[in-house]
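Participant: My questions will all concern the structure given below.
All of the numbers you see were taken from the coordinates with simple rules; none came from a lab. Since the structure is predicted, the reported quantities are computational estimates derived from the model, not experimental observations. Counting neighbours? That spans all protein chains shown, and the Cβs are built from the backbone with ideal geometry, glycine included.
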Amino acid sequence: MIFALLIACAGCGYKYTGEGPGHSSTGSKLSAPQATVNLVKLVDSLKLNKNKIAVHIYKSAYKLKVKYDTLTLKTYACVFGFNARDDKLKEGDGCTPEGKFGIRAKYPHSNWSKFIWIDYPNASSWAKHKNAKKNGTLGSKESIGGEVGIHGVPDGYDYLIDERQNWTLGCISLKNKDVDELYAVLGSKSVVWIYH
């Protein structure tokens, strides 16, 4: 499967270089001219199963990678909640949650293009929240929060991404053109991983 993808990618601006983010089972790597690749056209041309496309978000690197199996299809710059360092434990802490999440819904958003709603809080989020209450990190009446997702920026505010300004309450924010691409290729069963 990986070999077939690599051959197909050759016609989409991808090339073997021996270096890059994607790895085949033989150790070969794939790199791409990331800024020029249209993710929607790439996914369509390769006939990829959208439910198997995964998102990997690296908070400390301000990067969102779109992956299919072990191949990185495209990388985007992103920003986070105003406290981008810590894992989310409660409503209002300004943190972006870490862990594995599913997609609850996708819909257009009047303020920032698209909204990809992840399933925070999930069972793992609840376990962290309850443990923080148990060990005294959180007060007993603190709420866990919700409505965390991946979205764009207000029109004309791409500089927030370029300058790495963490402006959300806990969501992941991309440039609008980038969230539009991502929105189009994710399936209802796609997985979102968020790392520190």
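Participant: Restricting to segment 149-166, what's the tally of residues that are under 17 Å from H109 (Cα atoms) and either in contact (Cβ under 8 Å) with a residue 60 or more places away in the chain or in a loop (DSSP other than H, G, I, E, B) (or both)? Spell out the reasoning first.
Facilitator: Within segment 149-166, the first condition is being under 17 Å from H109 (Cα atoms), and the residues that meet it are 149-158.
Filter again for either in contact (Cβ under 8 Å) with a residue 60 or more places away in the chain or in a loop (DSSP other than H, G, I, E, B) (or both), leaving 150, 152-158.
Count: 8.
Participant: Among the numbered criteria (1) outside any loop (DSSP other than H, G, I, E, B); (2) more than 24 Å from N51 (Cβ to Cβ), which single criterion is violated by N111?
Facilitator: (1)
Participant: A further question on this structure: Are any residues in segment 114-142 touching a helix residue (DSSP H, G or I) at 6+ places or on another chain (Cβ under 9 Å) and either touching a residue at least 12 places away in the same chain (Cβ under 8 Å) or part of a strand (DSSP E or B) (or both), and if so, which ones?
Facilitator: K114, F115, I116, D119, P121, T137, L138, E142
Participant: From the list G187, G146, exactly one residue is in a loop (DSSP other than H, G, I, E, B), under 30 Å from D69 (Cα atoms) and under 14 Å from the mean Cα position of the chain (by Cα). Which is it? Explain how you work it out, then say what you get.
Facilitator: Working: G146 fails: under 14 Å from the mean Cα position of the chain (by Cα).
Among G187, G146, only G187 is in a loop (DSSP other than H, G, I, E, B), under 30 Å from D69 (Cα atoms) and under 14 Å from the mean Cα position of the chain (by Cα).
Participant: Next up: Of these, I57, I103, which one is in a strand (DSSP E or B) and surrounded by fewer than 21 Cβ atoms within 10 Å (Cβ to Cβ)? Give the steps one after another, and end with the answer.
Facilitator: Details: I57 fails: surrounded by fewer than 21 Cβ atoms within 10 Å (Cβ to Cβ).
Only one candidate passes the filter, namely I103.
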